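Here is the structure we will look at, set down as structure tokens.
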Amino acid sequence: MNSQQNMNMSGADDASPVSARLPVRKLKLKKMLKYWQLYVLLAPALIYFLVFKYYPMYGVQIAFKNFMATKGIWGSDWVGFDHFIRFFNSHFFWDLLWNTLAINLYQLALFPISIIVALSLNELKNGSFKKIAQTITYAPHFISVVVFVGMIIAFLDPMTGIVNHFIQFLGFEPINFMTDPAWFKTIYVFSGEWQNLGWGAIIYLAALAGIDPQLHEAAKVDGASRWQRIWKINIPYLMPTIIILLILNMGNFMSVGFEKILLMQNPLNLEASQVIQTYVYDIGILTGQFSYSTAVGLFNSVVNLAILVFFNRLARRTGTSLW
């Protein structure tokens, strides 16, 4: 009798994990059926990432092959890391790496500007002036890259550009900005900051809108000045948002705006404007070296991933991270 009871108890124990899983699965299924509209809204985004982000990763293997279209991906000969070694040993490897890093470090140095703009707009009390200022700073973001680069070229033209007219008015000689490699990085970074300044401040303004007004009222009662309230209330409240956006920026550290650089590029400024992404376009699309260009692009992506993971782990010590 006791042995039979023990067998029944052991059988119940064996079945308990399976029986415990079933209610959980049913509960998840019920939730999915209950909120099916949300999953329908989520479906296009999932399909987009699966089709355009994950499925193309199948072709990354050609970075390790001597790809020939007639043989296909699987039929092409395996060459291992030959394309990577060729890229690392090329005479222009360090130039490409320096141009890519220099532009991104330049942009990173201007990262606090959008924070300063958001804090400034948040402190404006005149409603009409605040709306005008927001519109002026946001508007350039909605201009297409092609039109924006056309505006830059027109403004900096040595003969008809408004910038050179001002330089001549001051008594100096006009400068051919677009053909001088020394000016390329400055023009690229500052024009990008001009275009995205207001848009980058929107996220910070949204975070500032969530601050409890009673904190500022209490600080005023205690005699805190406006600068003290910004430093002690606004900035600490913005820190999680700043850290998240900084991590996201570091995840794209090796990725420079390809379209804009390509449009601003010309044979005279190539030594300063040729970055890894434009080089991949030149050797992959223009010369048809698909395996080699894929290897270069994969190297760029791996470095981006390593930087993202490193800075995310670093930011985790502050209590804020992506994962």
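Every read-out reported here was derived from the displayed coordinates using simple, explicitly stated rules and does not represent laboratory data. Here the structure is a predicted model, which is why all the values come from computation and not from measurement. Note: ideal-geometry Cβ built from the backbone for every residue, glycine included; neighbour counts use all protein chains shown.
Taking other C-beta atoms within 10 Å as the exposure proxy, L238, L268 rank L268, L238 from fewest upward.
Straight-line cross-link partners of K232 among the lysines, defined as a Cα under 19 Å from its Cα and at least 8 positions apart when in the same chain: K220. For segment 108-148, trypsin sites (Lys or Arg not before Pro) meeting the loop criterion (DSSP other than H, G, I, E, B) and having at most 13 other Cβ atoms within 10 Å: K125.
Each of T160, V275, Y35 was placed along the dipole of the chain (beta-carbon charges, centred on the mean Cα), and the one lying farthest toward the positive end is Y35. Charge dipole of the chain (Cα centre as origin; +1 on each Lys and Arg Cβ, -1 on each Asp and Glu Cβ, all else neutral): 1540 debye, rounded to the nearest 20.
Show that you can apply the helix-only estimate: for the chain, add -39,500 (n - 2.57) for every DSSP H stretch of four or more residues, divide by all residues, and state [θ] at 222 nm to the nearest 500. Taking each H run of at least 4 residues, the total per residue is -22000 deg cm²/dmol. Close amide-amide hydrogen proximity is noted between K65 and V79, each under 5 Å apart and 5 or more residues distant or on a separate chain (H modeled in the peptide plane; Pro and chain starts excluded).
Note that segment 139-146 has calculated 3J(HN,Hα) couplings of 3, x, 4, 8, 7, 5, 4, 4 Hz, one per residue in order, obtained from phi through the Karplus relation 6.51 cos²θ - 1.76 cosθ + 1.60 (θ = phi - 60°); glycine and proline are x. In loop segments of segment 241-323 as defined by DSSP, the trypsin sites (Lys or Arg not before Pro) with at most 13 further C-beta atoms inside 10 Å of their C-beta are R317. Each of F52, F184 was scored by other Cβ atoms within 10 Å of its Cβ. Arranged with the fewest first, they read F52, F184. Cβ crowding within 10 Å ranks M264, M32 as M32, M264, fewest other Cβ atoms first.
Along its first, second and third principal axes, ordered by size, the chain spans 110, 75, 36 Å in Cα coordinates. Modelled spin labels at L215 and I167, positioned 7 Å past Cα toward Cβ, are 4.6 nm from each other.
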